[in-house]
Amino acid sequence: MTSDAIEVHNLTKTFGTTMAIDDISFRVGAGEIVAFLGPNGAGKTTTIAILLGLIEPTRGSIRVLGRPMPQERQAVLSRVNFSSPYVALPYDLTVDENLEVFARLYGVADRRKRLRSLAELFEVAHLWTRRTGLLSSGEMARVNLIKALINDPEILFLDEPTAALDPAAADTVRSLLLRMKEERGITIFYTSHNMLEVERLSTRIVFLHEGRIVADGPAREIVQHYGKKDLEDFFVALARSGHQGLS
């Protein structure tokens with residue numbers, strides 16, 4: 001893996017006359033856990049979609065694992081994965097059938113053993129034969145996380161990974177992500193609205209507001225720099241008043 005898992009330079013994305021991403025640049029080092037934060041509509045989802053090669057930028061350059069995106073999208077996607085509680089799997093397939101499809105798509109070696117191991121880790125083995133459409137939001141979130149880990153990715157993109165989980169399940173997921181960072185050096189780039197979670201998980205934070213980066217650094221440094229009592233106070237000030245709320 002290169003020293004920078006993700007490199008973004010002067011990234012801009014417009015939709016007609018709407019500026020979704022406005023000339024942003026940042027890097028994510030290999031093995032970092034970086035929280036990509038901002039109010040709703042700040043441009044987070046658009047940026048992640050560009051990083052995954054789902055939409056093309058208007059301007060700018062992106063490299064993921066040293067490869068240009070979207071030019072080498074297929075090579076990159078085999079080494080990364082993505083999870084969101086807001087992305088549904090086919091409802092008429094069972095949990096096992098859904099995950100079997102993804103294991104085959106990624107060419108996972110000894111896929112049955114891999115799936116059993118992840119099912120036990122996320123405590124969903126009892127759901128294995130249940131149709132996905134009958135799962136609760138929390139159960140679906142755990143199944144989506146299994147899907148995201150199925151190919152043992154080098155970079156994990158997560159959209160609010162614990163939003164649908166109860167406190168105990170969310171704590172388990174956070175502990176697992178930290179363990180993966182320590183043991184495997186996985187890079188995690190994720191969004192969240194849980195500021196306590198962000199402070200626990202993140203090595204660094206990139207704050208986006210109206211398509212532009214307004215802060216980049218460790219949580220404690222950002223809070224101290226802007227004279228806020230904590231990260232949630234910073235977020236609220238930014239969301240309600242923009243840059244004026246940070247002065």
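The values are calculated or read from the model by the stated rules, or taken from the named source; none is laboratory data. Here the structure is a predicted model, which is why all the values come from computation and not from measurement. Ideal geometry is used to build each Cβ from the backbone, glycine not excepted, and the neighbour counts take in all protein chains shown.
A few comments on the model shown:
- I55 over 14 Å from the mean Cα position of the chain (by Cα) and in contact (Cβ under 8 Å) with a residue 12 or more places away in the chain: yes
- Of all residues in the stretch 215-247, those satisfying the criterion of being in contact with a helix residue (DSSP H, G or I) (Cβ under 7 Å, 6 or more places away or on another chain) and outside any helix (DSSP H, G or I) are A215, Y226, K228, D230.
- Test: residue in the stretch 166-189 that is within 20 Å of T46 (Cβ to Cβ), touching a residue at least 40 places away in the same chain (Cβ under 8 Å), outside any helix (DSSP H, G or I) and not polar (S, T, N, Q): yes
- Members of the stretch 107-118 found to be surrounded by fewer than 18 Cβ atoms within 10 Å (Cβ to Cβ) and either in a loop (DSSP other than H, G, I, E, B) or basic (K, R) (or both), listed by number: G107, A109, D110, R111, R112, K113, R116
- Here the stretch 75-93 is the region considered, the condition is being in a loop (DSSP other than H, G, I, E, B) and hydrophobic (A, V, I, L, M, F, W, C), and the residue that is nearest to L52 (Cα to Cα) is V87.
- Hey, T187 of a type in the set (S, T, N, Q) and over 14 Å from S202 (Cα atoms) or not: no
- Checked against the criteria, G38 does not count as of a type outside the set (K, R), modelled with pLDDT under 95, over 16 Å from the mean Cα position of the chain (by Cα) and closer than 30 Å to R240 by Cβ.
- Candidates R174, R184 - the one that is at pLDDT below 90, under 19 Å from the mean Cα position of the chain (by Cα), charged (D, E, K, R) and closer than 28 Å to H9 by Cα: R184
- Among strands (runs of 3 or more DSSP E) entirely within the stretch 1-60, having at least 3 residues that are surrounded by fewer than 19 Cβ atoms within 10 Å (Cβ to Cβ) singles out 4-15, 18-29.
- Filtered by the rule that a residue be in contact with a Leu (Cβ under 8 Å, 6 or more places away or on another chain) and either of a type in the set (G, A, S) or in a strand (DSSP E or B) (or both), the stretch 190-213 gives Y190, T191, S192, I205, V206, F207, L208, H209.
- Checklist (1) more than 18 Å from R27 (Cα to Cα); (2) crowded, with 17+ Cβ neighbours inside 10 Å applied to R131, failing item: (2)
A quick yes/no check of all residues on (1) more than 13 Å from V34 (Cα to Cα); (2) surrounded by 19 or more Cβ atoms within 10 Å (Cβ to Cβ); (3) out of contact with any Lys or Arg (no Cβ under 6 Å at 6 or more places or on another chain); (4) charged (D, E, K, R):
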residue	(1), (2), (3), (4)
L135	yes, yes, yes, no
N151	yes, yes, yes, no
L178	no, no, yes, no
K181	no, no, yes, yes
F189	no, yes, yes, no
E199	no, no, yes, yes
E232	yes, no, yes, yes
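- Pair list, Cβ < 7 Å and 6+ apart or interchain, from the stretch 109-126 residues that are under 20 Å from L177 (Cβ atoms) and without any contact (Cβ under 8 Å) to a residue 60 or more places away in the chain to residues that are part of a helix (DSSP H, G or I) and polar (S, T, N, Q): none
- Verdict on R212 being touching a residue at least 40 places away in the same chain (Cβ under 8 Å) and within 18 Å of P39 (Cα to Cα): yes
- Scope the stretch 218-230; condition among the small types (G, A, S) and surrounded by 14 or more Cβ atoms within 10 Å (Cβ to Cβ); matching residues: A219
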